[in-house]
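Okay, so here's the structure we're looking at.
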Amino acid sequence: MTKKSKEDIHYKKNKVNKKTKSNNVSARNKNNELFDFDKEIVIGMPRISDDKEKNKKNKKTSVNTNKNKQNAKKKLTKQQQIAIKKKKAILKIVKVLTLIIVIIGVSIYVALSPLFNIKEINVTGNSKLSKEEIISLSELKTDENTFKVSKKNIKNKVKANAYIENVKIRRKLPDKVEIIVVERVATYMIPFANSYIYINNQGYMLEITSQKAEMPAIVGISTPEEELHEGQRLISEDLVKLGEVLQIMESANANELVDLITKIDISNRQDYILTLEKEKKAIHLGDVSNLSTKMAYVKKILNDEKGVEGEILVNTDLTNKGAVFREKV
């Protein structure tokens, strides 16, 4: 091998070595450029990846902790909400009750003050009984507190009089009381032991008096004497008959005869007997069937037999025989 060829080979080796060195240097530079602190261990410096992982773990832990706290708060909030609602409800009830008690207390204090003492008592609806009689029955007194008076007691006291059918009490604040009455009206009288019992259309005994009134007398009742008292009512048997008497009187009124009837005998439902004192006649009416026809016959006979004493019989076969007048001999 020649000297020149040796030099060429040496040159090539150097060139190759230079390239290798340059390649190594560039690789090292690249390695330096791509140095990963997360992966590489550097003395005196903590690993960044560990810190990040720790931070991630810490974040996850704090998130979980916060979630747990929030859940705990939610659980506590539900319980607390129930407790708070209960407390609010109790406080509300206490406030309302306190307010009611205060209002009641003030109302009672005001109601019992002299402002509400009775100064005037008025009575309406009365005709038979006087104002003074009704006030006396009520036992109401002026200067008495209107709220200390029981309406129910007043009603019962006033209704103790048989003439009173119904009573209403009205307070006209601050110092007036009104007694409103509905009276029963006497329509018939029952002769009884040298006196008379006044009754109304419903069979209530209103008054026992020695004074004979201008009203028809009813005789032949079945109610026992021991039950004949003011405020009492006729027994059911007599009430049925009284109902039929009302029918008779209604028909008589339609024929302008009602004012002539002075007495009605109800002892026999199949033959009611009407007495007409002024006409000096008695009418045997029979039962309450065909009343309008019977009254028409009575009216005709009264006109035909004016002033003649006797009996008119309309309890007969009116279709075939008609009514009969029997003169008293």
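The figures follow:
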{"read-out": "Test set (1) among the polar types (S, T, N, Q); (2) assigned to a loop (DSSP other than H, G, I, E, B); (3) surrounded by 15 or more Cβ atoms within 10 Å (Cβ to Cβ) - Ser267 fails condition number", "value": "(3)"}
{"read-out": "Count of the stretch 103-143 residues which are touching a residue at least 40 places away in the same chain (Cβ under 8 Å) and outside any strand (DSSP E or B)", "value": "12"}
{"read-out": "Residue among Lys280, Lys263 that alone is in the same structural domain as Val219 (by TED's automatic domain parsing) and at positive phi", "value": "Lys280"}
{"read-out": "Failed condition for Asn255, given (1) under 27 Å from Ala160 (Cβ atoms); (2) touching a helix residue (DSSP H, G or I) at 6+ places or on another chain (Cβ under 6 Å); (3) not acidic (Asp, Glu)", "value": "(1)"}
{"read-out": "Count of residues meeting criterion [assigned to a loop (DSSP other than H, G, I, E, B) and either aliphatic (A, V, I, L, M) or modelled with pLDDT under 95 (or both)] in the stretch 308-329", "value": "12"}
{"read-out": "In the stretch 241-264, the residues that are assigned to a loop (DSSP other than H, G, I, E, B) and farther than 16 Å from Asn303 by Cα", "value": "Thr262"}
{"read-out": "Breaking point among (1) part of a loop (DSSP other than H, G, I, E, B); (2) out of contact with any strand residue (DSSP E or B) (no Cβ under 6 Å at 6 or more places or on another chain), for Ser292", "value": "(1)"}
{"read-out": "Where Leu173 falls short, out of the listed (1) within 24 Å of Glu207 (Cα to Cα); (2) modelled with pLDDT under 95; (3) among the hydrophobic types (A, V, I, L, M, F, W, C)", "value": "(1)"}
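The values are calculated or read from the model by the stated rules, or taken from the named source; none is laboratory data. Being a predicted model, the structure only gives us computed values, none of them experimental. As a convention, Cβ positions derive from the backbone with ideal geometry for all residues, glycine included, and neighbour counts pool all protein chains shown.
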